[in-house]
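The values are calculated or read from the model by the stated rules, or taken from the named source; none is laboratory data. Predicted model, so just to flag it, every value in this text is computed and none were measured. Glycine also receives a Cβ, built like all others from the backbone with ideal geometry; neighbour counts cover every protein chain displayed.
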Amino acid sequence: MKQHTTCPYCGVGCGVTAELADNRLIAVSGDSQHPANFGRLCIKGMTLPETVTADARLQLPRLHGQAVSWDDAMTQLSQAITEALASHGPDSIAFYLSGQLLTEDYYVANKLMKGFLGSAQVDTNSRLCMASTVAGHKRAFGADAVPGCYADIELADLVILAGSNAAWNHPILYQRIQAARQARPTVKVVVIDPRATASCDIADLHLALRPGTDALLFNALLVYLADQGCLDQQYIEQHTQGFDETLQQARQATPNLQQAAQQMDLPLEDLTRFCEWFASTDKTLSLFSQGINQSSSGTDKVNSLINCHLATGRVGKPGSSPLSLTGQPNAMGGREVGGLANQLAAHMDFTPEHIDRVRRFWNAPNMATAPGRKAIDLFHAVERGEIKVLWIMGTNPLVSLPDTERVKRALKRCEWLVVSEPMASTDTLNLADLCLPSTTWGEKNGTVTNSERRISRQQPLLSAPGEARQDWQILCDLAQRLGFGNAFNYQHPADIFIEHAALSGFENQGSRCFDISGLSQLDQHAYDRLQPIQWPVTTTTPYGTQRLFSENRFYTPSGKAHFIPVQFRAPEQTLNDNYPLRLNTGRIRDQWHTMTRTGRSERLFQHRSEPFIDLHPQDASARQISTGDLAQVENQQGRYIGRVRLTTDQRPGEVFIPMHWNHQFSAQGRCNALIQPVTDPVSGQPESKQGAVEVRRFPARWHGQLLTRDNISAQLRGYWSRQPLAPCQQYILAETDWPGDWSNWCLQHLGQRPDGYLENPITGQLQAYATEQQRLKWWLLITPTYQPADLRHMAALFESPSLTPSQRGRLLHGLDSPQHTQVCSCYQVDEQRIREAIQSGCRSVTELGDRLSCGTRCGSCIPELKALLAQEVEHATVDLD
Ligand code: SF4
């Protein structure tokens, strides 16, 4: 049986065709009819079947570590909320939501809190991702509305990727840009990013600007456009306001390109070229993402970019628009229902008129009347003991919020920490008083909205394991126990969606951009078959709306778009003698967020198997650090340990670490331990990409590779990182002390002395193993230096029901070949094989694909294939197709 649904990872929102048999997901492929991806999926989407097994799931509610019935769990929760309300008032209760929730879950959570409990202490992890764009859109357009659409990619003549490594983070859109450029070679691509990322592979120009100076860049561009007579004067006069003050402000700080180039540490000719291309290309599409948003001046950066589009009249025109790329699958859906603490449902605000309108629509007895706390402030209030009941849904703030040690203190302080979560163990869940098992992708039923305002259905494909429930059902259960049953008597997500759609049209009459009232008459059958559609959807636009603001009418009081004067502000996390390196954090190609799902796929660890540190060779050399060393990144607040990769893709003085690793997968791999909780004053979004740190070599005395049947993370000390292999777990280990007795070490850390043990006194290498009922329990390799071996063949011995003598011999004497970095995750092709193929004559990505199949499926590895071709064939002619 085949069913259409939507990918749960990034904001591209690809359509997925799922193949099912016997309540199992057999395979997935890209939905050829879905307008986001037209049949393609990246590696994360393609490995979805590997992530939906029932093991490692939370299946029953747990109260203080003990399994309890749903009835007990919800009784306890409703009592806790009732007591907190009575003793401390509504603001002592808070929800922290997630862009992983479906719109229907989000809607019910907001309705319960803001309409019935009277608390606006509801925020979402979208605060960490998109809040600056929301604020920027509202300031410029009067509504949180994305003007453009993905179809603009194929129409644009100039594509700008600002603070976006789309090749890894929005791979299918990146592939659309790549294809558009191949079809029309005159299309130009500009990447604005301090790092040379995989997205630079197709860039005609890479502006590797000083981190945090994006607003200077767009201010300089605005001044250039004015000075060169490249403004759309008619558009500015008729459809905008605030241009003169904005230009004046920009000119003050960046009077000319020369000065701006110096401030941004850019070659003047590159900056000039960028300005010339922007000025002369009417069809300019600016895709921007977390590199712009995650900043203490993120909202200003967004507006500085939009200012340039307004100045040239390039908003909502075919091939010409600013287009924000949302990080999460439903970041936009959450915004639609008021998921942020400063919003009400259906894009309404905390104004008396809107509060009253929502109150009447919901017949709400207890409307919140003022915005709640944004994420960082919310967790600080938890730390101060002001929040008595905190309910976290589908997110992992102990990993994703800045200053993770402080977040941990806050969570431990909370009297009632409730976490609803599909997985049995996450850093956050493990601190919870009450754990509620919720459904995940493949079981959830509802809608998500992608970066281009397109609402798509996520369909239930599998039955949920154990007693896991839909988040909206858990919320409705609570509402009933609190006496609000009539308002939360939903039987199906369609009931919720229809109410949400009706609210969007309630007393709207064109005054609010978000309007899907055209979907408010759906019945359940039609809802289940809802085809992807872009909002607004009204009676006059029943098939949706591809672009906004094409008629130059905005949702500001004057109906005109607003220019916003932007004054450049440097990052708040300042460098100093102790912490002289600028820290950048971000995503990698094959993992998603805190790895609760992607961390279950062996394949997705092949590309990057450990937490890592990208460092420029100059900075490494100054610190006597070599590639492959372990190093610790540290500052006054925290520490991160990872494997060093030397690369000139980093600017000197800057460090990059990934955002994904956490205590389920590594000893000290939380990047946010190093990020201070400083935020944008308008949006409340944290400055996640501009930390201040030092890097030191981790003085490892020995290195180890360990295979174990069980997850033994809790028993390990020193450095460790874990990755799942099909029959066992693999750990990479390192410690600063050499144990006097390895047999004792094994007993202490692995729970058993070795059955077999071989130490080479000359090389210092040690191999050991232990069995349990003739089956392999663990296998250990210790070396004085880091020499990773590919252990997949050794791992296969865990499948042997009874080890034979020759297998036991192999455990002590046999070793697999050295481990190489996987480049193509789809076909498991590693770097060594690709280098050998190039050395034996392959001269293009196509030839590599013909020989090894690499790059021929999802295409995410093509930039890396090109980089290897360029490295290996320095002087030969390479067809970088
Ligand atoms: S591009 Fe994003 S939405 Fe599409 S398959 Fe990949 S992760 Fe999923």
Scanning region 556-579 for residues that are closer than 30 Å to ILE516 by Cβ and in a loop (DSSP other than H, G, I, E, B) gives THR556, PRO557, SER558, GLY559, LYS560, PHE563, ILE564
Filter region 31-40 down to residues that are in contact (Cβ under 8 Å) with a residue 60 or more places away in the chain and within 11 Å of the ligand (Cβ to nearest atom) and give me whichever is farthest from TYR150 (Cα to Cα).
-> ARG40
Just checking, which of SER688, SER721, SER683 is part of a strand (DSSP E or B) and among the small types (Gly, Ala, Ser)?
-> SER721
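Residue-wise test of (1) modelled with pLDDT of 95 or more; (2) among the aliphatic types (A, V, I, L, M); (3) surrounded by 14 or more Cβ atoms within 10 Å (Cβ to Cβ); (4) outside any helix (DSSP H, G or I).
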position	(1), (2), (3), (4)
PRO754	yes, no, yes, yes
TYR769	yes, no, yes, yes
LYS777	yes, no, yes, yes
TYR786	no, no, yes, yes
ALA796	no, yes, yes, no
GLN807	no, no, yes, no
If ILE43 satisfies every condition in (1) surrounded by fewer than 24 Cβ atoms within 10 Å (Cβ to Cβ); (2) free of Cβ contacts under 8 Å to residues at least 60 places away in the same chain; (3) within 11 Å of the ligand (Cβ to nearest atom) but one, which is the exception?
-> (2)
Helices (runs of 4 or more DSSP H) lying entirely in region 466-555 (those with 1 or more residues that are touching a Gly at 6+ places or on another chain (Cβ under 6 Å)) = 493-505
Would you tally the residues in region 776-831 being within 30 Å of LEU869 (Cα to Cα), out of contact with any strand residue (DSSP E or B) (no Cβ under 9 Å at 6 or more places or on another chain) and of a type in the set (Gly, Ala, Ser)?
-> 1
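Here is a yes/no grid of residues against (1) away from the ligand (no atom under 16 Å from the Cβ); (2) touching a Cys at 6+ places or on another chain (Cβ under 7 Å); (3) under 24 Å from TYR9 (Cα atoms):
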{"position": "ILE172", "(1), (2), (3)": "no, yes, yes"}
{"position": "ARG176", "(1), (2), (3)": "no, no, yes"}
{"position": "ALA179", "(1), (2), (3)": "no, no, yes"}
{"position": "ARG184", "(1), (2), (3)": "yes, no, no"}
{"position": "VAL190", "(1), (2), (3)": "yes, no, no"}
{"position": "PRO194", "(1), (2), (3)": "yes, no, no"}
{"position": "ASP201", "(1), (2), (3)": "yes, no, yes"}
{"position": "ALA215", "(1), (2), (3)": "yes, no, no"}
Could you list, in sequence order, all residues of region 642-658 that are surrounded by fewer than 23 Cβ atoms within 10 Å (Cβ to Cβ) and touching a helix residue (DSSP H, G or I) at 6+ places or on another chain (Cβ under 6 Å)?
-> LEU646, PRO652
Identity of the residue in region 1-30, surrounded by fewer than 22 Cβ atoms within 10 Å (Cβ to Cβ) and not in a strand (DSSP E or B), that ends up farthest from the ligand (Cβ to nearest atom) | ASP22
Out of all the residues in region 11-25, is one or more on the phi > 0 side of the Ramachandran plot and in contact with a Cys (Cβ under 8 Å, 6 or more places away or on another chain)?
-> yes
Residue that is farthest from the ligand (Cβ to nearest atom), among those in region 46-74 that are surrounded by 21 or more Cβ atoms within 10 Å (Cβ to Cβ) and over 20 Å from ASN23 (Cβ atoms) = ALA73
Does THR75 meet the test of being modelled with pLDDT under 95 and of a type in the set (S, T, N, Q)?
-> no
